[in-house]
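Shown next, in structure tokens, is the structure this report addresses.
The values are calculated or read from the model by the stated rules, or taken from the named source; none is laboratory data. Predicted model, so just to flag it, every value in this text is computed and none were measured. All Cβ positions, glycine included, derive from the backbone under ideal geometry; neighbour counts span all protein chains shown.
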Amino acid sequence: MILSIESSCDDSAIAITEISTCRLLFHKKISQELEHSVYGGVVPELAARLHAEALPKILQECEPYFKDLKAVAVTSTPGLAVTLVEGVTMAKAVAVALGIPLIGVNHLIGHIYSLFIEKEAHFPLTVLLVSGGHTQVMEVKSLTEITTVAKSMDDSFGESFDKVAKMMGLGYPGGPLIQELAKNGDRKKYHFTIPLQGKQSSLLAFSYSGLKNAVRLAVEKEEKGNYADIAASFEHVATEHIIHKLKKYFQTHSPKTFAIVGGASANLYLRSQIEALLKPHGAGLLLSELKYCSDNAAMIGRVAVEMYEKKMFSRLDALDVSPRSSL
Ligand code: KG4
Ligand code: ZN
């Protein structure tokens, strides 16, 4: 079995995965959404302190599995340095105490493998990762052959939902709150400009900072605090931006399978628009189970099984946290 730890942002999670079957034997996650909600976003120092409380509690519950552990895996990149270090330090301690190898996992690869929890992995795939930290399109041929073909130049898709929700005083995380508010709004009411159009339309990249600022102006003008139309129009344009860029990608590529992963892949409007886009191209859509879209340790454990079989171990003195990923 492999014990895996996730602490890259505001979720403390530990999983136990059986190596031979990929079966998930244990998974527990303690989220910090409530604690960060009053600040309208994640406060790194607070997050680190909460991980320091939550991770040992969950680890204690894993004690019955200790004798069967063959490795310990942990998210080491990308994420918040002060929160990653909580998980990495714990993983190193477990590795020393039990005399088992350490596996440093890339969180983005974790999101890709969230598609294959308790399942066999199938490639090639084109993957759209939409989370709080990332908006990127990757071509995945295998665990070690991943090419990023488009990414955000500034804010991410999920982050823009968080920031818009904060402007409206809704709380955190913004994604589900905006999605809910948008249900009662008119998507066509506000004509926010779709990012990276015109001269930049050939660019395969994403940008959300301009849209965020346009929404800010609309929020400031709306005196009655009735934000449903703004939320709906924002969600529409944020999604259209992705659809425009994917249309561009599909002009020169024809993947058989397309996947959406990451916390924001739970967005129903994004899902429906992407489904409609894929139909004429005959591409299949792969999604993670809803409970594994947001950060979790089961996806880290699933990657770790592949890495264990390839003996991709990290040296105790060499595994460091890295806030930015090389993917
Ligand atoms: O993958 P995740 O849990 O953490 C990161 O790796 O960043 O993603 C969290 C992000 C947050 O920004 C949250 O607002 C967003 O995913 N999110 C959504 C939805 N549910 C979560 N964004 C849009 N629509 C949603 N339904
Ligand atoms: Zn994530």
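Figures for the structure shown
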{"item": "Long-range neighbours under 9 Å by Cβ, at least six apart or interchain, first residue farther than 23 Å from Asp320 by Cβ and not assigned by TED's automatic domain parsing to the domain that holds Ile103 within the stretch 8-22, second at pLDDT below 95 and outside any strand (DSSP E or B)", "result": "none"}
{"item": "Neighbours by Cβ (under 6 Å, 6+ apart or cross-chain): first from the stretch 25-39, surrounded by fewer than 18 Cβ atoms within 10 Å (Cβ to Cβ); second of a type in the set (Gly, Ala, Ser) and not in a helix (DSSP H, G or I)", "result": "Ile30/Ser12; Ser37/Gly171"}
{"item": "Selection from the stretch 52-71 of residues that are within 25 Å of Ser131 (Cα to Cα) and touching a helix residue (DSSP H, G or I) at 6+ places or on another chain (Cβ under 8 Å)", "result": "Ala52, Leu55"}
{"item": "Test: residue in the stretch 68-84 that is touching a residue at least 24 places away in the same chain (Cβ under 8 Å), under 16 Å from Val303 (Cα atoms), in a helix (DSSP H, G or I) and in the same structural domain as Cys9 (by TED's automatic domain parsing)", "result": "no"}
{"item": "Residue among Phe161, Phe157 that alone is in contact with an Asp or Glu (Cβ under 9 Å, 6 or more places away or on another chain), crowded, with 23+ Cβ neighbours inside 10 Å and among the aromatic types (Phe, Trp, Tyr)", "result": "Phe161"}
{"item": "Leading residue by the ranking (farthest from ligand 1 (Cβ to nearest atom)) among those in the stretch 199-256 that are assigned to a loop (DSSP other than H, G, I, E, B) and touching a helix residue (DSSP H, G or I) at 6+ places or on another chain (Cβ under 7 Å)", "result": "Ser254"}
